[in-house]
Amino acid sequence: MPGPTPARDATAFDPTHALVVATDADATVEARATADAVDAVLDHADTVAVAVDRPMLADEHPAVADDLRTAFASTEATSDATGGGARPLRAPVHEVRDALASLLALSCVHRFVAVERLDAFRDDRRVLAYVPDHGQFRVDAHATTDRDALRAAVDDALAAAPAGLLPARPLADWTAAGTRHVLEPPSLCVDDACFDLGALERVHLDADDRVVELAWRVDDGLVARALDALGPSRPDRFRFDSANRYADVAAAFRTVADALDVTATE
């Protein structure tokens, strides 16, 4: 007989949603979508922490670095702000929001190199964990006073963007020919290889033959082509013997396609 369901740790960061941005979006569009999503989350947070290498940032964007210095002045006054590398800064959201907006508006490499991470909190519970260099943007809606309002706010902020907020949990998992597949935003994982759902271009669902077909965007960059050649190929076709399993996987891919405005045909 199964035991009781373990209680959820109210202090842990247990992300409920992940942000996925289309990989064909140019740097400016991607930066705007991410900044808008952060801004929507900050409406539901009271404290923000950012680890940023301000000297590196100041080399190319002195005004942005100076805005950060001014906004986080009280934090730096009580911390070790000397030396290089990313320095942890923490302050109330209302004191630093404009400076963060300027930082996140950057579409150059410094947003990924100089900014190590950004976290937002509500009553000391982490609401957002954003790691630019790894493209990780995860939200714990349970850490806010109104999780539905948070989700709706981010969805509204991304309404015109090639991006979407998806559940950060397995939407479907199945095994074919001894290989395990897990559709868990922001990725589709095949055994140990995971593929960014932001590269998904089209989904075709064939209920009669119980087939799911995927089309992926191809990056024309030399480095991207080299990595694709060395790594496993993106999966593009799944056929299911079970009608129920097909229905579960098809519904999961519909959820992804709807969130990302990906064309889905049947």
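Any read-out appearing in this document is the output of simple, stated calculations on the displayed coordinates, not a laboratory observation. The structure displayed is predicted, hence computed values, not measured ones. Glycine also receives a Cβ, built like all others from the backbone with ideal geometry; neighbour counts cover every protein chain displayed.
Using R0 = 30 Å, the C-beta based FRET efficiency linking A176 and E201 works out to 0.85. Our summary gives region 92-238 a relative contact order of 9 percent, counting only alpha carbon pairs under 8 angstrom and 6 or more residues apart.
Each other residue within a Cβ distance under 10 Å of A40 adds +1 if Lys or Arg and -1 if Asp or Glu, for a net charge of -4. Here region 168-211 is assigned +1 on the Cβ of each Lys and Arg and -1 on the Cβ of each Asp and Glu. Its dipole about the Cα centre then comes out at about 120 debye. Residue separation of T28 and D98 scaled by 0.36 nm, minus their Cα-Cα distance, works out to 23.4 nm of gained length.
Counting only whole DSSP H helices of the chain, the ones at least 24 Å long by C-alpha along their axis and with mean Kyte-Doolittle hydropathy no lower than -1.0 are 243-260.
Grab the beta carbon distance between A264 and D146, set R0 = 35 Å, and tell me the FRET efficiency rounded to 0.05. Efficiency for this residue pair is about 0.70.
Our helix-only sum for the chain, with -39,500 (n - 2.57) per DSSP H run of n ≥ 4 divided by its residues, gives a mean residue ellipticity at 222 nm of -10000 deg cm²/dmol. Taking the dipole about the Cα centre of the chain, with the C-beta of Lys and Arg at +1 and of Asp and Glu at -1, give me whichever of A99, V115, A243 is farthest to the positive side. Projecting each Cα onto the dipole axis, the largest value belongs to A243. Averaging 1/r over every pair of different alpha carbons in region 56-200 and inverting the result gives a Kirkwood radius of 17.8 Å.
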